[in-house]
Structure formats: structure tokens, C-alpha cells
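Trainee: Just passing along the structure, written as C-alpha cells.
Coordinate-derived values only; no laboratory data. All of these numbers come straight from a predicted model, not from anything done at the bench. Neighbour counts are summed over all protein chains in view; Cβ atoms, including those assigned to glycine, are modelled from backbone coordinates with ideal geometry.
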Amino acid sequence: MEVVIQARGEQIAALVADAIERLLADKPDAVLGLATGSSPLQVYDELVRRHEDGRISFARARAFLLDEYVGLPSDHPERYGTVIARAFTSRVDFPEGAVHGPDGTAEDIPAACAAYEDAIAAAGGIDLQLLGIGSDGHIAFNEPGSSLASRTRIKTLTRQTRADNARFFGGDVDAVPRHCLTQGLGTIMSARHLVLLATGNAKAEAIHQLVEGPVSAMWPATVMQHHPHATVLLDEAAASRL
Ligand code: GLP
């Protein structure tokens, strides 16, 4: 696992954008794994800038989201499919239908999860997966206790994660859905390159566990220690317990 510490968020965003720019230059039809949450927002802004400068095109790329809330209506502004379009994908030139997410409105949840795994496999797997990390060490919505081999499935969100995400729901923890669909840790581990970003003190303990702790389902991100190509980009506050 490669750990890179930078003073400023913009430097982290530039390094990640460089990796994506190189990938798309080599493989214009690359498959990107996208994350929601605030951690990758500067990366998305930097990619949009480079797209506007004519340096990067997503015209042949495909993208898959990590996770989605269950039970939000399809026009809800905090649905992750809507969030990623607003933050990134609708600001660049992804073709219609190239950005996929788990279907949190499906009536048959197990079938929707299996279909999502099949869609990722049919695209040839994910070349580069962006990841944030929860303060409890979750990646995507794989909360503590998640099987290290898990695939896309429904999960119950912890109180901590719902409290962390209440800021997107007017500060009201009760407005945050209780369930989600999420790529499993096994799904994430199948991506060819994992790129995790973390900034701020609130992530310091999770980063300490990720980099220096034992691999454990209680700190789900630690599974990344077994990945052959994982990059962790941190600011000094997130790295303060290393
Ligand atoms: C949510 C998302 C995760 C994300 C995490 C951290 O729970 N499902 O994918 O990594 O939040 O979010 P942030 O980057 O806003 O700290």
C-alpha cells in the first residue's frame, strides 16, 4: 500500500487527477469507480477543469458508483445517482447511460444487487476505484462487521454514519435512510487500482487502523492491505496518528 501525505487538499486532488488523466490516455474506454461524500469533490472539480481545458475526455469511459441509499424517491436530491451527476458526471462528457449505480428503488433487492455485479463484470471490471473512508473505517457503506469477501448487497447504516451524513439532510438524522445498497468489500477488492482519499482529524483513527492496524472486519478499510495496488492520499491531519 502506497501512502502519500500532502499539505493541502488541492495537491491530493491534482495527484488523483493525474492518475485518471494517465489512465484515460492509455485506455479511453476505462471503467472508473466513483465515490460520493465530500472527500473526492476537489478531485471532481479538478477533472472538470482539465476536461474544459481539453486535456481529458470521458466520451468513451464508463463509471460505477459505490453505493446508494434505499428508499429515497428517484427525484430526491441526495440520491447518490443525483449527487454524482451534480458533482461530476453531468459536468463532463460521459455518454448517456455510461454512469451506473445500484438501484435503491428496486422491489427485488437481491436481484438488483446481482444485476449490478453482472454489469460491473460485463464492463470488464473497474480500472480505478476512488474511495473515501468513514470515521468508523467503512468504505462505500461496508460498516464495521462487514464480511471481507462481501459482494453488492443491502446493509443497515450505523447510527454513527447516519449522524455523519445528516448534514446532507438538513441536519436531521431521522431523515437519513436506514438502509443502503453497497458494493461489497470483495467487489471493491476486484478493482485494479484503489485510490483512497482522506482529510481532516475526524479520519485520523480510521487511517491509523487502515495503515497500521490488523486486517479486521471491525475496520473494513483494512482489507485494502491485501490489495496489490492501493494508494492512500492524506493531508497531515488525517495522517496525524501514523
Ligand atoms: C459515506 C459514503 C462513503 C464515504 C463516506 C465518507 O458514508 N457512503 O462512500 O466514503 O461517507 O464521506 P466524506 O468523504 O464526506 O467524509
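Trainee: Against the definition (under 28 Å from ARG162 (Cα atoms) and not basic (Lys, Arg)), how does ALA7 come out, yes or no? Please lay out each step first, then the result.
Mentor: Working: under 28 Å from ARG162 (Cα atoms): no; not basic (Lys, Arg): yes.
No, not satisfied.
Trainee: Residue under question is GLU107, and the condition is that it be of a type in the set (Asp, Glu), more than 20 Å from the chain's Cα centre (by Cα) and farther than 28 Å from ASP26 by Cα; does it hold? Reasoning before the result, please.
Mentor: Details: of a type in the set (Asp, Glu): yes; more than 20 Å from the chain's Cα centre (by Cα): yes; farther than 28 Å from ASP26 by Cα: yes.
So GLU107 passes the test.
Trainee: Within segment 206-214, identify whether any single residue is in contact (Cβ under 8 Å) with a residue 40 or more places away in the chain, farther than 23 Å from GLY9 by Cβ and more than 13 Å from the ligand (Cβ to nearest atom), and answer yes or no. Can you show your working first?
Mentor: Within segment 206-214, the subset in contact (Cβ under 8 Å) with a residue 40 or more places away in the chain is 206-207, 209-211.
From what's left, farther than 23 Å from GLY9 by Cβ: none.
The answer is no, given that none of the residues of segment 206-214 is in contact (Cβ under 8 Å) with a residue 40 or more places away in the chain, farther than 23 Å from GLY9 by Cβ and more than 13 Å from the ligand (Cβ to nearest atom).
Trainee: May I pose another question? Pick from segment 102-132 the residues that are assigned to a strand (DSSP E or B) and within 13 Å of the ligand (Cβ to nearest atom): which of them is surrounded by the most Cβ atoms within 10 Å (Cβ to Cβ)? So that I can check it myself, show each step before the final result.
Mentor: First, the residues of segment 102-132 that are assigned to a strand (DSSP E or B): 128-131.
Next, from what is left, pick out any that are within 13 Å of the ligand (Cβ to nearest atom): 129-131.
Details: GLN129: 28, LEU130: 26, LEU131: 25.
Ranking the qualifying residues of segment 102-132, first place goes to GLN129.
Trainee: Now for a separate question. Based on this model, can you work out whether ASP136 counts as touching a Ser or Thr at 6+ places or on another chain (Cβ under 7 Å), in a helix (DSSP H, G or I) and either more than 25 Å from GLU107 (Cα to Cα) or without any contact (Cβ under 8 Å) to a residue 24 or more places away in the chain (or both)?
Mentor: no
Trainee: Further, regarding this structure: Tally the residues that are surrounded by fewer than 19 Cβ atoms within 10 Å (Cβ to Cβ), over 16 Å from the mean Cα position of the chain (by Cα) and not β-branched (Val, Ile, Thr), restricting the search to segment 82-97.
Mentor: 6
Trainee: Let me ask something else. Filter segment 160-180 for residues that are touching a residue at least 60 places away in the same chain (Cβ under 8 Å), outside any loop (DSSP other than H, G, I, E, B) and more than 10 Å from the ligand (Cβ to nearest atom); which is nearest to GLY71 (Cα to Cα)?
Mentor: HIS179
Trainee: For segment 138-183, which positions are among the β-branched types (Val, Ile, Thr) and either crowded, with 22+ Cβ neighbours inside 10 Å or more than 21 Å from ALA204 (Cα to Cα) (or both)?
Mentor: Within segment 138-183, the subset among the β-branched types (Val, Ile, Thr) is 139, 152, 154, 156, 158, 161, 173, 176, 182.
If the condition is that a residue be among the β-branched types (Val, Ile, Thr) and either crowded, with 22+ Cβ neighbours inside 10 Å or more than 21 Å from ALA204 (Cα to Cα) (or both), then ILE139, THR152, ILE154, THR156, VAL173, VAL176, THR182 are the ones that fit.
Trainee: Sort out for me the strands (runs of 3 or more DSSP E) sitting completely within segment 1-81 that have 2 or more residues that are in contact (Cβ under 8 Å) with a residue 12 or more places away in the chain and away from the ligand (no atom under 16 Å from the Cβ). Break it down into steps so the answer makes sense when it comes.
Mentor: Working: elements: 2-6, 31-34, 62-65, 67-69.
Ranges flagged: 2-6.
Trainee: I'm checking my understanding of the structure. Among residues of segment 194-242 that are charged (D, E, K, R) and not in a helix (DSSP H, G or I), which one is farthest from ALA19 (Cα to Cα)?
Mentor: Of all residues in segment 194-242, those charged (D, E, K, R) come to 203, 205, 212, 235-236, 241.
Narrowing further to those that are not in a helix (DSSP H, G or I): 235-236, 241.
Details: ASP235: 18, GLU236: 21, ARG241: 26 Å.
The selected residue is ARG241.
Trainee: Additional query: Given (1) crowded, with 22+ Cβ neighbours inside 10 Å; (2) within 10 Å of the ligand (Cβ to nearest atom); (3) farther than 21 Å from GLY81 by Cα, identify the lone condition not met by SER135.
Mentor: Here SER135 meets the rest and fails (1).
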